[in-house]
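Written out below as structure tokens is the structure these notes cover.
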Amino acid sequence: MEQFIKQSQITFAIAIIFIFNACNTKTQSDAPKTKHLPNIVLFNVDDMGWMDTQLHGSSFYQTPNIMRLASMGMTFTRGYAGAANCAPSRACMLSGQNTPRHGIYTVANSERGKSPTRKLIPTTNKTELADDVITLAEMLAHEGYVSGSFGKWHLSEDPILQGFDLNVGGEKRGNPGKAGHFAPYNLKDTKLQNAPEGENLTNRLTQEALSFMERAEDTPFFAYMTYYAVHTPLQTTPELKSKYETLGNDLQHNATYAGMVETVDNNIGRILDYIETSNKLENTIIIFTSDNGGLRKISSQHPLRAGKGSYYEGGIRVPFLVMWKNKIEAGKINDQMISQLDIYPTLQEIVGSNNGNTPLDGKSILPYLVNESNPEEQVERDLFFHFPIYLQAYDPKTDDGRDPLFRTRPGSVVISDNWKLHEYFEDGGLELYNLKEDQGERINLIEKMPAKAKEIKDKLDTWRAEMNAPVPIEVNPEYDAGFRFE
């Protein structure tokens, strides 16, 4: 009898999902039912930096399951987020469009930091992804996918309003709140209200996702695994904290944070185990990345400069893996430059969708994933970042930014091959770096290589004009050039 009840509950749950699909005329009205499409699991970990796993050489964090995933797929050493902090990065990934198109540049307002230290009136920031944007979930729903979002959303009140069939824990807030990584939770989701005291949120989100995958049966699923970890507040179990207290080094030594990293890694392993044991491995694409660089005060991103919120490499270069058994060469290291903006057009090509946002600012990297072209060949493309607002410092002593007051002042960045140019709107400042020789962005070549700087600056000017990207020019009447903090 108990078995029958359980099966009835599962059947009812999957029926509800399909009712959502049937009612969602924006995304599902003409979904074909005959395609044999791969399942998609997209891990978008919150604030996990490029150096916060073993992938790129950390000797402190222990991430065997991420390394296991890397051994099964392709690791991109030059993978970039769409932006340097969470809300704009997520908007870029889920829309396939760069920040000037959706207008989300940061969290909350754009006037961050002390007013007397801001020379310009920044561009107004949007805080929600517009309803007319066709999200990744909506594009996939056209092709018959059922989609679940598990964890941080941060782009509106509910991801179900943006094409997802199931939401667990997602809302507009960007962190789980005080002590929020363990139950009782602070999140609004009623599914989480009666969680056993002390339950870990990352573990719970994974369990909900596994149940979702099981219910999907023969329907292709898209699982957006967007853990609140490893975002603050920092919390882990006493056992994990104790494990790491004697393992740190001069650059990375926060035992609580290391415990959070391990918890995320364990849960990636749980999902990978399920996909393997349920014979879904050959028909599942797994993407692993993070929404922006690591919080440098907590975890150094050396040899990269700075961290979350900065457009130096530590703020935008992120871990990036793609696995698809028997399609992508196992254990391959790829040094080509790619962006999270590429996820949307790549999946669109894989599922054969003619629906989606137009234009898209990324490009499909499918040919490079499946070896249809020489994977060692340099991709001819430039990456652009636009940030016409302010983002105050976390810690002037550890941020490693351009100045001690802000992680980022209004400006734009372009990466072209191994060259990277920063432009700042307040003073017209330019910085030019050769990332191949100077990964840490320490040697500004702007005076030594004016011709190269002009060549790349011209690309940036052209891109901004084509994007109609806003550039703030109005002077802040409260600006005080002589202002000093007490």
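For the condition touching a helix residue (DSSP H, G or I) at 6+ places or on another chain (Cβ under 6 Å), crowded, with 24+ Cβ neighbours inside 10 Å and closer than 30 Å to Lys436 by Cα, what is the one hit in Thr99, Thr135, Thr106?
Values: Thr135 fails: closer than 30 Å to Lys436 by Cα; Thr106 fails: touching a helix residue (DSSP H, G or I) at 6+ places or on another chain (Cβ under 6 Å).
Thr99 is the lone residue from the list that is touching a helix residue (DSSP H, G or I) at 6+ places or on another chain (Cβ under 6 Å), crowded, with 24+ Cβ neighbours inside 10 Å and closer than 30 Å to Lys436 by Cα.
Asn444 fulfils the conditions (1) touching a strand residue (DSSP E or B) at 6+ places or on another chain (Cβ under 8 Å); (2) polar (S, T, N, Q); (3) closer than 20 Å to Arg78 by Cβ except for a single criterion, (3).
Results for (1) touching a residue at least 12 places away in the same chain (Cβ under 8 Å); (2) over 19 Å from Arg101 (Cα atoms); (3) of a type outside the set (Lys, Arg), shown as yes or no for each residue.
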| position | (1), (2), (3) |
| --- | --- |
| Val318 | yes, yes, yes |
| Val322 | yes, yes, yes |
| Lys325 | yes, yes, no |
| Asn334 | yes, yes, yes |
| Asp342 | yes, no, yes |
| Ile350 | yes, yes, yes |
| Leu360 | yes, no, yes |
| Tyr368 | yes, yes, yes |
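Looking across segment 181-210, the residues that are among the small types (Gly, Ala, Ser), surrounded by 15 or more Cβ atoms within 10 Å (Cβ to Cβ) and either over 16 Å from Val45 (Cα atoms) or touching a Pro at 6+ places or on another chain (Cβ under 6 Å) (or both) come down to Ala183, Ala195. A residue that is modelled with pLDDT of 95 or more, among the hydrophobic types (A, V, I, L, M, F, W, C), buried (at least 21 other Cβ atoms within 10 Å of the Cβ) and touching a Phe, Trp or Tyr at 6+ places or on another chain (Cβ under 6 Å) occurs nowhere in segment 427-440.
Residues of segment 325-373 being charged (D, E, K, R), farther than 25 Å from Asp46 by Cβ and in a helix (DSSP H, G or I), which ones?
Filtering segment 325-373 for residues charged (D, E, K, R) gives 325, 327, 329, 332, 335, 342, 349, 361, 363, 372.
Filter again for farther than 25 Å from Asp46 by Cβ, leaving 325, 327, 329, 332, 335, 349, 363, 372.
Hit for segment 325-373 is Glu349, nothing else.
Identify, please: which residue in segment 393-423 is surrounded by fewer than 18 Cβ atoms within 10 Å (Cβ to Cβ) and not charged (D, E, K, R) and is, among those, modelled with the highest pLDDT? Result: Asn418.
Residue by residue, here is whether (1) buried (at least 24 other Cβ atoms within 10 Å of the Cβ); (2) at pLDDT 95 or above; (3) in contact with a Phe, Trp or Tyr (Cβ under 9 Å, 6 or more places away or on another chain); (4) over 18 Å from Glu217 (Cα atoms) holds:
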site	(1), (2), (3), (4)
Tyr145	yes, yes, yes, no
Gly148	yes, yes, yes, no
Gly151	yes, yes, yes, yes
His154	yes, yes, no, yes
Asp158	no, yes, yes, yes
Gln162	yes, yes, yes, yes
Leu166	yes, yes, yes, no
Gly170	yes, yes, yes, yes
Gly177	no, yes, yes, yes
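Residues that are outside any loop (DSSP other than H, G, I, E, B), of a type in the set (Val, Ile, Thr) and in contact (Cβ under 8 Å) with a residue 60 or more places away in the chain occur in segment 401-413; there is at least one. Restricting the first member to segment 173-194 and to residues that are in contact (Cβ under 8 Å) with a residue 60 or more places away in the chain, and the second to residues that are of a type in the set (Lys, Arg), the beta-carbon pairs closer than 7 Å and six or more apart or on different chains are Gly174/Lys152.
Here Asn254, Asn266, Asn283 are screened, and the one residue that is within 21 Å of Ser58 (Cα to Cα), more than 22 Å from the chain's Cα centre (by Cα), at pLDDT 95 or above and not charged (D, E, K, R) is Asn254. Residues in segment 214-227 that are touching a residue at least 60 places away in the same chain (Cβ under 8 Å) and either out of contact with any strand residue (DSSP E or B) (no Cβ under 6 Å at 6 or more places or on another chain) or assigned to a loop (DSSP other than H, G, I, E, B) (or both): Glu214, Arg215, Glu217, Thr219, Pro220, Tyr227. Scanning segment 211-231 for residues that are surrounded by fewer than 16 Cβ atoms within 10 Å (Cβ to Cβ) and either more than 22 Å from Asp165 (Cα to Cα) or modelled with pLDDT of 95 or more (or both) yields Ser211, Glu214.
Going by the conditions given, is Lys308 among the basic types (Lys, Arg), surrounded by fewer than 24 Cβ atoms within 10 Å (Cβ to Cβ), in contact (Cβ under 8 Å) with a residue 24 or more places away in the chain and within 30 Å of Pro404 (Cα to Cα)?
Working: among the basic types (Lys, Arg): yes; surrounded by fewer than 24 Cβ atoms within 10 Å (Cβ to Cβ): no; in contact (Cβ under 8 Å) with a residue 24 or more places away in the chain: yes; within 30 Å of Pro404 (Cα to Cα): yes.
No.
Listed here are the residues, each with its yes/no results for (1) surrounded by fewer than 24 Cβ atoms within 10 Å (Cβ to Cβ); (2) within 22 Å of the chain's Cα centre (by Cα); (3) acidic (Asp, Glu).
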{"position": "Met323", "(1), (2), (3)": "no, yes, no"}
{"position": "Gln336", "(1), (2), (3)": "yes, yes, no"}
{"position": "Leu360", "(1), (2), (3)": "yes, yes, no"}
{"position": "Glu380", "(1), (2), (3)": "yes, no, yes"}
{"position": "Tyr390", "(1), (2), (3)": "no, yes, no"}
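The values are calculated or read from the model by the stated rules, or taken from the named source; none is laboratory data. In this text, all values refer to a predicted model and were calculated from it rather than measured experimentally. Cβ atoms come from the backbone with ideal geometry, glycine included; neighbour counts cover every protein chain shown.
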